[in-house]
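Participant: Dropping the structure in here first, questions after.
The values are calculated or read from the model by the stated rules, or taken from the named source; none is laboratory data. Keep in mind it's a predicted model, so treat the numbers as computed, not measured. Cβ atoms come from the backbone with ideal geometry, glycine included; neighbour counts cover every protein chain shown. The area values use the complete protein model at the heavy-atom level, side chains included, leaving out ligands, DNA and RNA. Shrake-Rupley method; radii C 1.70, N 1.55, O 1.52, S 1.80 Å.
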Amino acid sequence: MTQTVAQVRALIRRDTAQLAKLSGQIATVEKRRAERIKLARELGAKGVELAEDTGYSEGRISQIAPKPPKRTPEPKRTPEPEQVPVVVRPPLADKELPAAFRPGAVGAVKVPLSDIVTDRWGLQQAERPTVFVDQVSGVWWSPDRQTGRVTWRAYTPGELLDQIPESYERVYLVGANRPGVTDETRREHGSEADAVRAWFLADVPGWDVQEGGHYLADESNPTGRWQKGEGDRARTVEVVRAAAWFDEGRYSAMEAAHAWYILRGVMKEAFGTNAILLSTPASTGRDVWRRTIGDSRDGKPKTYPILSDELRQLIQATSGQGRREIVPGDPGEKIPAFYQYDMRFAYAALAWGLPVGEPTMWTKRKLDQADDDEKKALLQKRGRWLVTATVPDNWDRVGLLPAPADERAWCYPAAPGQRFTTWASGGEVDLARRHHWRVDLREGFTMKEGKPLNDWKEALTAAYQKAEAGELGTATPAPVSELVRAALRNMVLRTMGAFASRSHMVSRSMPATPANEKRLPTNRPVREVGGMYLWEEEGERTKWARKMDHPEWSAEIWARCRTRLLHGPTGERAVHAGALNVPAGTVLGMRTDALYLSADPKWADDGQPGRYRLKGKLERELPRPINDAMLDAMKQEAARNV
């Protein structure tokens with residue numbers, strides 16, 4: 001019987017509906033089977049048995065349901081979680097040290113510079129149209145004061161992408177919660193991190209993930225990238241959290257958009273009309289820095305060579321970032337009070353006179369030929385040193401030098417007589433020697449002093465001080481000025497981290513189906529989240545990013561900040577701040593540029609960058625903070641008292 005086109009199309013639609021129904025049924029069964037695989041594993045089933053039952057490989061079974069760790073008997077008495085002290089890790093013994101921390105590391109380094117240099121640029125760019133969306137109400141604001149509302153029904157990426165006006169290419173989500181996180185999704189996915197990832201991985205009809213992929217490795221600041229259509233006419237939208245710029249806090253979409261408008265003007269005033277705000281503080285900071293590179297004495301633009309791959313890797317492997325430490329105490333111990341001091345715009349204050357050019361390598365043989373005066377002179381140069389240090393027998397303060405510990409962590413040895421090997425900056429070694437630590441130089445390298453970041457940090461510092469003084473305009477409310485300061489601070493912090501970045505990671509995903517299982521990478525950990533396979537892989541670094549590889553600058557600034565946590569200036573001449581300048585036993589902890597104390601040193605603050613200022617206080621008897629949760633709770637309460 002002859003069939004019409006309409007009849008055949010109707011049959012096709014029926015087949016399509018039947019396939020969709022079957023697909024849904026298959027997905028339901030697969031999800032149920034995955035839960036049963038997990039249960040069987042928990043009950044003791046072996047991977048080979050489950051592979052036989054399912055037809056999966058043993059590797060796939062391990063991805064769905066990792067082998068449970070061996071159970072250890074629980075102690076009879078378990079203290080309350082908030083009273084469990086942090087684990088104090090000891091430094092690694094010499095024989096356990098990674099290769100970069102052992103003598104001979106310098107001899108294995110290729111000294112000549114790479115063939116890449118950082119140079120000035122003035123590329124004219126257009127800022128991507130941006131909008132800020134409240135995650136709860138759906139109200140959105142743009143920096144030019146356009147406003148509207150996204151109607152949330154199921155709170156999905158699709159609702160956001162379909163309702164934001166087509167003119168906007170970048171969306172910042174405003175709100176305390178991370179995207180997709182509720183009590184229900186936290187339970188469903190097992191963690192807040194996976195709830196965030198599941199939200200970004202949800203199917204969005206009519207939209208595809210951009211070729212570069214999402215970035216979901218950091219659940220605190222994830223990035224989603226979608227596109228609709230193809231080629232030059234494709235519409236692209238990037239979704240980020242406003243907290244990436246402004247930190248966590250109680251601010252509205254309107255306030256964030258206002259702060260963005262002010263920040264945009266601040267950056268153009270500081271760095272020229274070609275300066276724009278890119279998606280992240282790190283990208284923006286590096287972009288405007290390249291615009292500040294000046295001319296040398298011969299009138300030619302300055303350039304800053306990139307170190308060899310081997311030397312950059314050595315610096316990255318042996319240089320920690322901010323010091324994060326809770327000084328050990330006994331559970332139940334009481335303190336008379338709690339004070340938080342932190343440094344104003346610390347990294348910018350310390351970004352002067354940094355190492356540049358080709359390094360001079362110092363082997364043990366060369367160092368053995370130098371006398372004490374020559375070694376003292378070497379420590380005043382820009383350099384890093386492999387040392388063996390010994391804590392004095394009568395030491396009663398916090399540790400002075402960072403040392404590698406297990407689990408890729410850092411510790412700060414302080415036990416009298418303790419001996420360890422580590423890398424440190426010249427400034428850190430000099431401070432330890434001045435406090436009578438025995439520090440033996442094993443090998444290292446020095447570099448010339450230059451001023452690559454001076455103009456950049458001066459421009460950002462001037463902008464920060466202007467915002468702090470309330471000089472951004474009479475129409476700028478105080479909460480908006482605070483957001484601008486946070487953005488400028490994050491620009492400095494994130495730029496320092498990006499200078500030392502080893503790689504650019506991207507998130508890849510595909511539907512969790514048996515057919516796709518064969519397409520999964522074999523050299524990356526793969527997880528199943530929200531019905532999707534998810535893994536991280538190293539993205540291709542652009543030439544622009546490779547020109548920004550300067551871990552020698554980050555390492556120097558981080559070391560200076562750690563040193564200033566111990567000893568630094570105040571607003572009063574001859575009076576010094578830092579953990580070494582308070583009574584023994586009063587330091588409770590340290591975090592990057594902040595000190596937590598049980599007694600108030602009342603350090604004078606003259607408003608200069610890098611000075612300590614009182615940021616919080618609790619003047620009553622309290623339990624000693626012995627873990628991060630206790631310290632965070634005290635910080636939040638103390639901040640309301642200043």
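Participant: Probe radius 1.4 Å, ligands and nucleic acids left out: which of 621, 333 has the largest accessible area, and how do the rest follow?
Facilitator: Details: 621 130, 333 70 Å².
Most to least solvent-accessible, the answer reads 621, 333.
Participant: Residues with amide H under 5 Å of residue 529's amide H, sequence separation 5 or more or different chain, H placed in the peptide plane at 1.01 Å from N; which?
Facilitator: 534
Participant: Next up: Could you tell me the calculated FRET efficiency between residue 330 and residue 621, based on Cβ-Cβ distance and R0 = 22 angstrom, to the nearest 0.05? All intermediate terms of the calculation are to be shown ahead of the outcome.
Facilitator: On the way: r = 15 Å, r/R0 = 0.69.
Once the sixth-power term is evaluated, E becomes 0.90.
Participant: Looking only at Cα atoms, what is the convex hull volume of segment 337-413 per residue, in Å³? Working shown, then result.
Facilitator: Details: hull volume 16.5 nm³, N = 77.
That works out to 214 Å³ per residue.
Participant: May I ask you to give the solvent-accessible area per residue for segment 588-642, in square angstrom, as obtained with a 1.4 angstrom probe?
Facilitator: Working: 2430 Å² over 55 residues.
I get 44 Å² per residue for segment 588-642.
Participant: Given points 7 Å out from each Cα along the Cα-Cβ axis, report the residue 448 to residue 95 separation in nanometres with one decimal.
Facilitator: 4.5 nm
Participant: Considering amide H positions built from the backbone, and no H for Pro or chain starts, which residues 5 or more places from residue 335, or on another chain, come under 5 Å of its amide H?
Facilitator: Those lying under 5 Å, H to H, from residue 335 are 622, 624.
Participant: Would you mind calculating the gained length between residue 154 and residue 45 on full extension (0.36 nm times residue separation, minus the Cα-Cα distance), in nm to one decimal?
Facilitator: On the way: separation 109, 0.36 × 109 = 39.24 nm, distance 3.79 nm.
My answer for the length gained is 35.5 nm.
Participant: Given segment 460-500 reduced to its alpha-carbon atoms as identical point scatterers, what log10 I(q)/I(0) does the Debye formula return at q = 0.23, 0.31 Å⁻¹?
Facilitator: Once normalised to I(0) and log-transformed, intensities are -0.69, -1.00.
Participant: Between helix 5-42 and the chain, what is the angle of the helix's C-alpha long axis to the longest principal axis, kept within 0 to 90° and rounded to the nearest 10?
Facilitator: That helix lies at roughly 50 degrees to the long axis.
Participant: For the chain, what is the largest minus smallest coordinate of the Cα atoms on each principal axis, given in angstrom and ordered from greatest to least?
Facilitator: The principal-axis extents, from largest down, are 104, 63, 58 Å.
Participant: Leaving out same-chain residues fewer than 8 places away, which lysines sit with a Cα under 27 Å from that of residue 466?
Facilitator: Correct list for residue 466: 268, 451, 457, 602, 615, 617, 635.
Participant: Whose amide H sits under 5 Å from the amide H of residue 442, counting only residues 5 or more places off or on another chain, with H placed in the peptide plane?
Facilitator: 386, 387, 388
Participant: Okay, next question. In Å², and per residue, what accessible area does segment 136-241 have when probed at 1.4 Å with the other protein chains present?
Facilitator: Numbers: 5300 Å² over 106 residues.
I get 50 Å² per residue for this part.
Participant: Aspartates and glutamates within cross-link reach of residue 448: Cα-Cα under 12 Å, excluding same-chain residues under 8 positions apart?
Facilitator: In chain and number order, the partners are 358, 552.
Participant: Here is a follow-up. Once every DSSP H run of n ≥ 4 in the chain is given -39500 (n - 2.57) and the sum is divided by its residues, what mean residue ellipticity at 222 nm do you get, rounded to the nearest 500 deg cm²/dmol?
Facilitator: Numbers: 20 runs with 221 residues, N = 642.
Rounded to the nearest 500, the figure is -10500 deg cm²/dmol.
Participant: Now for a separate question. What FRET efficiency comes out for the pair residue 217/residue 576, r = Cβ-Cβ distance, R0 = 41 Å, nearest 0.05? Please report the intermediate quantities before stating the final value.
Facilitator: Working: r = 40 Å, r/R0 = 0.98.
Efficiency, rounded to the nearest 0.05: 0.55.
Participant: Can you send over the carbon and sulfur percentage of the accessible area for the chain, probe radius 1.4 Å, protein chains only? Present the calculation step by step, with values, prior to reporting the outcome.
Facilitator: Details: 16110 of 32910 Å².
Carbon and sulfur together cover 49 percent of it.
Participant: Another question, if that's okay. Tell me the angle of helix 253-271 to the major Cα principal axis of the chain, expressed in degrees between 0 and 90 and rounded to the nearest ten.
Facilitator: 50 degrees
Participant: Provide, in order from the shortest bin, the percent of all Cα-Cα pairs of segment 244-310 in each 10 Å bin, continuing until the bin that contains the maximum pair distance.
Facilitator: Values per bin, smallest distances first: 17, 36, 27, 14, 6, 0.
Participant: Report the charge-dipole magnitude of the chain in Debye, nearest 20, computed about the Cα centre from +1 at each Lys and Arg Cβ and -1 at each Asp and Glu Cβ. Numbers along the way, then the final one.
Facilitator: Working: 96 positive and 87 negative charges, 99 e Å.
Computed about the Cα centre, the dipole is about 480 debye.
Participant: Continuing with the same structure: Modelled label-to-label distance, residue 639 and residue 371, 7 Å Cα→beta-carbon offset: nm?
Facilitator: 5.4 nm
Participant: Which angle between 0 and 90 degrees, to the nearest 10, do you get for helix 551-566 versus the longest principal axis of the chain when only C-alpha atoms count?
Facilitator: That works out to roughly 60 degrees.
Participant: For residue 300, go through the aspartates and glutamates and keep the ones whose alpha-carbon is under 16 Å away, minus same-chain ones fewer than eight residues off.
Facilitator: 119
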